[in-house]
């Protein structure tokens, strides 16, 4: 079996178009994670329905965030995307997030070839304050029933900040 992270690269970070793999579809309460050692997806847990993902959730291949997992992505699209789907996305910002005391950033992006929606979304501001507030609320509270206070949203960053974090995560993976 080929090494997934040698076949699928992070993409063109400086150009703002990266590769991501979907782990969890928007609206799902299934916490599905990529297992690097087994090179497959596995069900980690079932979350309460009230904490279903507010958008598609994935990861950037060939990266490692400070928490030791691949760098996460939040993919805004007109419909839920299936687990395992690889797609090119346009970076529009980043959610700075702490989970159990460790940085666990979320790169916000839209499908790169979504001419109906993606071409009009070029920054976090294009998503609107309500979307930003809902996502921040989700990540602030999604562990409240099992570990209250273990997550902290530190705020949002722009495209340049997102690219900086992606490049740091690529370097960390390479080591």
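Regarding residue 132, is this residue over 27 Å from residue 35 (Cβ atoms) and touching a strand residue (DSSP E or B) at 6+ places or on another chain (Cβ under 8 Å)? Here the answer is yes, as residue 132 does meet what is asked.
Scanning region 152-166 for residues that are assigned to a strand (DSSP E or B) and either out of contact with any helix residue (DSSP H, G or I) (no Cβ under 8 Å at 6 or more places or on another chain) or over 16 Å from residue 94 (Cβ atoms) (or both) yields 154, 155. When region 22-36 is limited to residues that are under 19 Å from residue 173 (Cα atoms) and touching a helix residue (DSSP H, G or I) at 6+ places or on another chain (Cβ under 9 Å), the one that is modelled with the lowest pLDDT turns out to be 36.
Being over 22 Å from residue 77 (Cα atoms), touching a strand residue (DSSP E or B) at 6+ places or on another chain (Cβ under 7 Å) and at pLDDT 95 or above holds for only one residue in 154, 168, and it is 154.
For region 17-28, the set of residues classified as crowded, with 17+ Cβ neighbours inside 10 Å and within 23 Å of residue 136 (Cβ to Cβ) consists of 18, 20, 22, 23, 24, 25, 26, 28, listed by residue number. The set of residues in region 47-59 that are modelled with pLDDT under 95 and touching a strand residue (DSSP E or B) at 6+ places or on another chain (Cβ under 8 Å) contains only 47.
The values are calculated or read from the model by the stated rules, or taken from the named source; none is laboratory data. Because the structure is a prediction, the values reported are computed rather than measured. Note that each Cβ is placed from the backbone with ideal geometry, even for glycine, and that neighbours are counted across all protein chains shown.
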